[in-house]
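**Student:** Here's a structure for you.
Coordinate-derived values only; no laboratory data. Just so you know, these numbers come straight off a predicted model, no measurement behind them. Cβ placement follows ideal geometry from the backbone for every residue including glycine, while neighbour counts extend to all protein chains displayed.
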C-alpha cells in the first residue's frame, strides 16, 4: 500500500535534480548543461536570446515593441514556436510594459494565461507591439 500524501517525504533539491537527471537519461537525453546555465540570470539571458530586437519608450506614452525570431532553439517537434517560449516572451514583454509605465520598480507577474490561436513556424520573424 502506498504511503498517504502526509507520510511522503519531500525530496531535497539535490534529490529532485538527481531524479530529473535519471528521468532524462531514461528518455535518451544524456548531456551536461553548459556552465552559463548555472548562472542566476540564465533564464533572462535565454529569453533575451529569443528576441531579435526590442525597443522601450516611456515618453510621452509608454510603448514596447520587439521582434521575435523563431529559431530552431525555441521550436517544438512540429517546428513551430514552443508554447513555453511564447509564455516566456509574453512575460518579458509584459514586464517591460509595466516598467515603462510605472518606472523601474520591483514587481512580478502574478499570473499569466495563454491562448494559442495559430502556430509560428521556424525561421519566421514576429513583431510584437
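**Student:** In whole angstrom, note down how far apart the Cα centers of the stretch 4-75 and the stretch 91-129 are.
**Tutor:** First find each Cα centre; the distance between them is then 16 Å.
**Student:** What is the distance, in nm, between label points placed 7 Å from the Cα along the Cα-to-Cβ direction at residue 114 and at residue 8?
**Tutor:** Result for the modelled spin labels: 2.6 nm.
**Student:** While we're here: Subtracting the Cα-Cα distance from 0.36 nm times the residue separation, let me have the gained length for residue 87 to residue 67 in nm, one decimal.
**Tutor:** 5.7 nm
**Student:** Something else about it: For the stretch 18-62, list residues with backbone N below 15 Å from a point placed 7 Å from the Cα of residue 105 toward its Cβ?
**Tutor:** Output list for this probe position: empty.
**Student:** With angles folded into 0 to 90 degrees, how steeply does helix 13-26 sit against the dominant principal axis of the chain? Use alpha carbons for both and round to 10.
**Tutor:** 90
**Student:** How do 100-110, 40-50 rank on mean C-beta neighbours within 10 Å, highest first?
**Tutor:** 40-50, 100-110
**Student:** Take residue 57 and residue 36, extend 7 Å from each Cα along the Cα→Cβ direction, and tell me the distance between the two endpoints in nm.
**Tutor:** Placing both labels 7 Å beyond Cα along the Cβ direction yields 3.1 nm.
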